[in-house]
Each structure stands twice: as C-alpha cells, then as structure tokens.
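We did not get these values from a lab; they are worked out from the coordinates using the rules stated. Everything numeric here is computed off the predicted structure, so don't read it as measured data. All Cβ positions, glycine included, derive from the backbone under ideal geometry; neighbour counts span all protein chains shown.
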Amino acid sequence: MTIETILLAVGPMDSVRADELADDVLEVAVPLEATVVVGHAFTSGEYDEIRDQLGFDVALEEADSDEIAARRTPVPELEERFEGADVDYEVRGVVGDHGPAIVDLADDVGADRIVVGGRRQSAGGKAVFGSTSQEIMQSANCPVTYVRDGVAE
C-alpha cells in the first residue's frame, strides 16, 4: 500500500502535542513525498463561536471553514513545520460531529493514513466522556496512527 495522502486530524487541545504530531507525520510524508491534509472538525456550535471570535461577519453557510480552520490552534504552527520540511499540505475545516466529520473528510481527500492525537485516559474515562480518537480508529477506512501526549520525550 502506498501512502500519498495523510490526514492529520487536529483540534485546539492538540497544541500541547503539535510537535509530536508534526514529527510523526513528517517521518512518513517526507520520504514518501506524501501530501498532508490538516483537518480541523467543528460542531455547529463551536463553528459559530469561533467564527464570531475571529471576526468573520458572514452567515454559517457563507463562511469558509478551511479559512477558519487555518486560523485555529495548532494549525499555524503545523503549517510552519510542513513548510520548513518542504511538504505539500492543505488545510481543511469541516463542520459536524468530530469523529464522523474526520472520517468523512478522510474519505473525501482519499487519505491513505489518518494521524490523530490524544491524551491518556482511563477505560472509565472513555466510557463516560467518549473518545473522538477511538471513534475515528473504529470507523476509518484506512490505518490510523494515534499519538499520545508525552510519548516522544
């Protein structure tokens, strides 16, 4: 299986592991000359709030989710890393429930691999709070790499 497209799924909590995520993606993308798609999913409520915070003065249907995603943490930091490594990338924003939206985005861009980050969480914590990463791993149509906080120390 060749890897031509890697989807790096991120959210604002990933700023603490942005370097680790970038390192894992670059380890594969650079030698294979793969394209990286940085995907940021928003629920409708999050999207409206973020759009307002960023000063976008248009209705939800008219706002560019890709542009909004590009301005959210940790995307600018990741863009800098990918540019520095001379890796082709694009930023995509999607609106919907986080897990299914990322899985749909992976299908839309033809991702050969998805990279997601997460934190250590007990089994009980997952049962109570759910896990977007777990949902992606169970539903994705391609392999998923999980990058946990503090692993690359």
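Quick notes on this structure:
- Theoretical gain in end-to-end length, residue 23 to residue 141 [0.36 nm per residue, Cα-Cα removed]: 40.2 nm
- For the pair residue 44 and residue 107, the difference between a 0.36 nm per residue extended length and the Cα-Cα distance amounts to 20.6 nm.
- Computed extension gain for residue 88 through residue 52, at 0.36 nm per residue and net of the alpha carbon distance, reaches 10.0 nm.
- Taken one residue at a time, the phi angles of the range 9-21 give Karplus couplings (6.51, -1.76, 1.60, θ = phi - 60°) of 8, 10, x, x, 6, 6, 4, 6, 10, 4, 5, 5, 4 Hz. Gly and Pro are set to x.
- Nitroxide proxy distance, nm - points 7 Å out along Cα→Cβ at residue 80 and residue 66: 2.4 nm
- For residue 95, the residues whose modelled amide H falls within less than 5 Å of its own, excluding neighbours fewer than 5 places apart on the same chain, are 42.
- The GluC sites (Glu not before Pro) of the range 1-109 meeting both criteria, a DSSP state outside H, G, I, E and B (loop) and at most 15 other C-beta atoms within 10 angstrom of the site's C-beta, are 4, 33, 61, 62.
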